[in-house]
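**Q** I have a structure I would like to understand better, so I am pasting it below and will then ask my questions one at a time.
The values are calculated or read from the model by the stated rules, or taken from the named source; none is laboratory data. The structure presented is a predicted model; accordingly, all values stated were derived computationally and were not measured. FYI the Cβ positions are ideal-geometry reconstructions off the backbone, even for glycines, and counts take in every protein chain you see. Quick note on the areas: whole protein, heavy atoms, side chains included, nothing else; ligands and nucleic acids left out. Shrake-Rupley method; radii C 1.70, N 1.55, O 1.52, S 1.80 Å.
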Amino acid sequence: MIFEPELEAMPLEQLAALQLERVRSLVARVKERVPLYRERLEGVEPGDLGSLDDLARLPFTRKDDLRDTYPLGMLAVPREQLARIHASSGTTGKPTIVAYTAGDLDLFARVNARALAMGGAEPGMTLHNAYGYGLFTGGLGIHDGGERLGLNVVPVSGGMTERQLTLIQDLRPDVITCTPSYALTLAHALTERGTEPGEISLRYAVLGAEPWTERMREEIDASLGVTCTNIFGLSEVIGPGVSCECVEERDGSHVNEDHFLPEIVDRETGEPVAEGDEGVLVFTTLTKEALPLVRYWTGDICSLSREPCSCGRTLARMGPIVGRSDDMLIVRGVNVYPSQVGGVLGRVPELSPHFGLVVRRLGTLDEVEVLVEPKADVLAALTDERVEEIAVRAASLLRDTIGCTMAVTLVGPGEAPRSDGGKIQRVRDLR
Ligand code: ADP
Ligand code: ZN
């Protein structure tokens, strides 16, 4: 079902007109209320923006702007109007603090209700929410969205895997939300209990907060007996619910672009790329009150498609995040993204979705070793020669695709990184 059909399936001209009107009022608002923007947008008047293309003339906002004004120097409302504070996970450094008015929390709930509905949830269903509750936006964001959609939400939070399984067996939820790496952890624990996917009640899984691969998707679908969809978001823009895949196509995540206007720009020049090309994802928040952002540079690399979708939504679709510029490794001059490695390993049929990277410095050179677990059924029949053959094949596929030589080591079950509740840590940097 579509939660807000008049907005999610709006004719494109009408959407563009709404976005332009909102961009203009945003520019007026931030210039009036946020010192950083007053300075940076000097000389820009809302009326100068004749079309959405003119947005490209405005400067970017970066994570460092939020860090430089830490904790709350970019607020556009008086502090008394805040209703909640969250923080980013701090994956790439000092966490940023983000703030919400009551109106922002209403928006947060609505876009997450949209996302859960996109992923197959319907009013009356039970949601097992295993995203972490607390400063992390995942838990409470999904929680409010679930309630808004009319779900019965079980606020489990992340971790304590045995308790999660017991609750899934006892309360019989229809939908689960968590990180994709934690969904795999739950699936494995379930298999260890001897429970078949058909014996549990789950039908849908809405998974995100970290990059994942098609190989992970196949394994989660099969081992939990669900149809899983991707949900994307970042704290600075609002948290989860910025975009989500529809269960009909599961081919790119529909951006809630009546609220979060996406652009894809060249990572070096900052210029808009041709439609469908990869680049850095940039968001302008159109309706957020406490922390409005103009052209926020996410550092996430992906593409955007305007191909019509069979679900009926007109919202543009983001391709998978192929990497974030901040976790890019430079290995002997070649840019390597951990999620790109995962994508390539997924093309080797004998390998499971469990992998990690170890980076070492040998002399002046950086070396990357890829640790990957073979699939359980392959493992049983492995000889030394076969291990060697699979590792060599994977390494040559990595070299041919990414252009960088990496050693591949096949490791035993549980030896590659796993999630114990939240985002997975795939890279161990020993430099
Ligand atoms: P941090 O930036 O410190 O990790 P957040 O919790 O705000 O803090 O995480 C936002 C980031 O998480 C995004 O910028 C993106 O890199 C990643 N992310 C979130 N959802 C997804 C997803 N579905 N696929 C890939 N990456 C994702
Ligand atoms: Zn769709």
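**Q** For the stretch 329-429, give the percent of accessible area contributed by carbon and sulfur heavy atoms, probe 1.4 Å, rounded to a whole number.
**A** Solvent-exposed carbon and sulfur of the stretch 329-429 make up 53 percent of the total.
**Q** Assuming R0 = 56 Å, what is the FRET efficiency of T383 and Y70, from their Cβ-Cβ distance, to the nearest 0.05?
**A** That gives a FRET efficiency of 0.50.
**Q** Still on this structure, please answer the following. Can you work out the Karplus-derived ³J(HN,Hα) for every residue in the stretch 77-82? Use 6.51 cos²θ - 1.76 cosθ + 1.60 with θ = phi - 60°, whole Hz, and x for glycine or proline.
**A** 9, x, 3, 5, 8, 6
**Q** Using 7 Å Cα-to-Cβ label points, what is the E122/V411 separation (nm, one decimal)?
**A** 4.3
**Q** Separate question: Give me the percent of the accessible area of the stretch 1-322 that comes from carbon and sulfur atoms, probe 1.4 Å, all protein chains in place.
**A** 49
**Q** In the stretch 312-346, which trypsin sites (Lys or Arg not before Pro) are in a loop and have at most 15 other Cβ atoms within 10 Å, using DSSP for the loop call?
**A** Of the trypsin sites (Lys or Arg not before Pro), the ones in loops of the stretch 312-346 whose Cβ has at most 15 other Cβ atoms within 10 Å are R332.
**Q** Estimate the FRET efficiency between L171 and L365 by the formula 1/(1 + (r/R0)^6), using the beta-carbon distance for r and 56 Å for R0, to the nearest 0.05.
**A** 0.60
**Q** Below 9 angstrom from the Cβ of R361, what's the summed charge of the other residues (Lys, Arg +1; Asp, Glu -1)?
**A** 0
**Q** Moving on to the next point. GNM on the chain, C-alpha springs below 10 Å: top fluctuator among T126, T285, T191?
**A** Fluctuation is largest for T191.
**Q** What ³J(HN,Hα) values, in whole Hz, does the Karplus curve 6.51 cos²θ - 1.76 cosθ + 1.60 give for the stretch 191-200 when θ = phi - 60°, with x put for Gly and Pro?
**A** 4, 5, 6, x, 8, 7, x, x, 7, 9
**Q** Under 5 Å between amide H atoms, partner at least 5 residues away or on a different chain: which partners does A209 have, H built in plane at 1.01 Å?
**A** The list, which skips near neighbours in sequence, is I231, G233.
**Q** Let me ask something else. Quick one: order T91, T213 from most to least accessible surface, probe 1.4 Å.
**A** T91, T213
**Q** For V98, list long-range residues whose amide hydrogen, built 1.01 Å from N in the peptide plane, is under 5 Å from its own amide hydrogen.
**A** Here H86, A87, S88 satisfy the definition.
**Q** Sticking with this one: Looking at the stretch 27-128, which GluC sites (Glu not before Pro) are in a loop (DSSP not H, G, I, E or B) and have at most 14 other Cβ atoms within 10 Å?
**A** E42
**Q** Okay, moving on. With every protein chain left in place and a probe of 1.4 Å, what is the accessible surface of V206, to the nearest 10 Å²?
**A** Here the accessible area works out near 0 Å².
**Q** Jot down the radius of gyration and Dmax of the stretch 94-203, Cα atoms only, both in angstrom.
**A** When restricted to Cα atoms, the stretch 94-203 yields Rg and Dmax of 14.5, 47 Å.
**Q** Once amide H atoms are built 1.01 Å from N in the peptide plane, which residues 5 or more positions from G299, or in another chain, come under 5 Å H to H?
**A** Placed amide hydrogens put L281 under 5 Å from G299.
**Q** What lysines does K63 reach when the alpha-carbon gap must be under 23 Å and sequence neighbours fewer than 8 apart in one chain are set aside?
**A** Reachable lysines: K31, K94, K288, K423.
**Q** Here's something else I'd like to know. Sort L72, L345 by heavy-atom solvent-accessible area, probe 1.4 angstrom, most to least.
**A** L72, L345
**Q** Using the 4.7 Å Cβ rule, please list in number order the cysteines from the chain without any candidate partner.
**A** Lacking a cysteine Cβ partner under 4.7 Å: C178, C228, C244, C302, C309, C404.
**Q** How tilted is helix 12-33 with respect to the longest principal axis of the chain? Cα atoms for both, answer in degrees (0 to 90, nearest 10).
**A** So the helix axis and the longest Cα principal axis differ by about 70 degrees.
**Q** Could I ask something else about it? Residues of the stretch 286-302 with amide nitrogen under 12 Å from the 7 Å Cα-to-Cβ point of N335?
**A** Label zone hits: 299-302.
**Q** Per residue, how much accessible surface does the chain expose to a 1.4 Å probe? Answer in Å², no decimals.
**A** 41
**Q** How much of Y37 can a 1.4 Å solvent probe reach, expressed as accessible area in Å² and rounded to 10?
**A** 0
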